[in-house]
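One structure is given here, and the rest of the page talks about it.
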Amino acid sequence: QVQLAESGGGLVQAGGSLRLSCAASGRDFSWLAMAWFRQAPGKEREFVAGISWIGGLTRYSDSVKGRFTISRNNAVNTVYLQMNSLRPEDTAVYYCAARNSRVVITEGMYDYWGQGTQVTVSS
């Protein structure tokens, strides 16, 4: 079993930056593929970014490519999402997710989820 806990959300003005963190516990973190999803009010949850277990492979949605960066530190069981040039449309609850295989964009294929952290971008 894996427990995930997100932190780092908050309120920021458009053009600003935030860094989200997701701390994992419960088993060896280094073998997990990790991802960030987000859900805006009235919308379905969507894939944002993912990173392979060794950190060498990353994947981004088109809407955040070039602005967000996902990274991980296996020594401290944490994955990060650096968000730059934030836009009001980035406002959502951001969720950390993990699975035992490669990164995929389908939320139903992830085994473990955090509780989410709110990101609000004001215009």
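The values are calculated or read from the model by the stated rules, or taken from the named source; none is laboratory data. Everything numeric in this text was worked out from a predicted model, so none of it was measured. Cβ placement follows ideal geometry from the backbone for every residue including glycine, while neighbour counts extend to all protein chains displayed. Surface areas here come from the heavy atoms of the whole protein model, side chains and all, with no ligands, DNA or RNA. Shrake-Rupley method; radii C 1.70, N 1.55, O 1.52, S 1.80 Å.
With a 1.4 Å probe and every protein chain left in place, work out the accessible area per residue of the chain in Å², rounded to a whole number.
Accessible area per residue, the chain: 50 Å².
Place a label point 7 angstrom from the Cα of Trp31 along the Cα-to-Cβ direction, then list the residues of region 49-70 whose backbone nitrogen is under 17 Å away.
52-55
Can you pull the accessible area of Asp111 for me, 1.4 Å probe, Å² to the nearest 10?
90
Under Stokes-Einstein, with the Kirkwood radius over Cα pairs standing in for Rh, what whole-number D in µm²/s applies to region 1-42 at 25 °C and 0.890 mPa s?
D, rounded to a whole number, is 194 µm²/s.
In region 10-101, which GluC sites (Glu not before Pro) are in a loop and have at most 15 other Cβ atoms within 10 Å, using DSSP for the loop call?
Passing sites in region 10-101 are Glu44.
Just to be sure I follow the definition: excluding the sites themselves, where is the longest run in the chain that has none of the trypsin sites (Lys or Arg not before Pro) in a DSSP loop with at most 14 other Cβ atoms within 10 Å?
Here the longest run is 1-42.
In 10 Å bins starting at zero, report the fraction of Cα pairs in region 8-70 per bin as a rounded %.
18, 47, 29, 6
Need the full-extension length gain, Ala14 to Glu107, defined as separation in residues times 0.36 nm minus the C-alpha distance. One decimal, nm.
So the extension gain works out to 30.7 nm.
Suppose each label sits 7 Å from its Cα in the direction of the beta carbon; what would the Ser85-Ser122 distance come out to in nanometres?
Reported label-point gap for Ser85 and Ser122 is 2.4 nm.
What part of the accessible area of the chain, given as a whole %, is carbon or sulfur when the probe is 1.4 angstrom?
With neighbouring chains kept in place, the figure for the chain is 47 percent.
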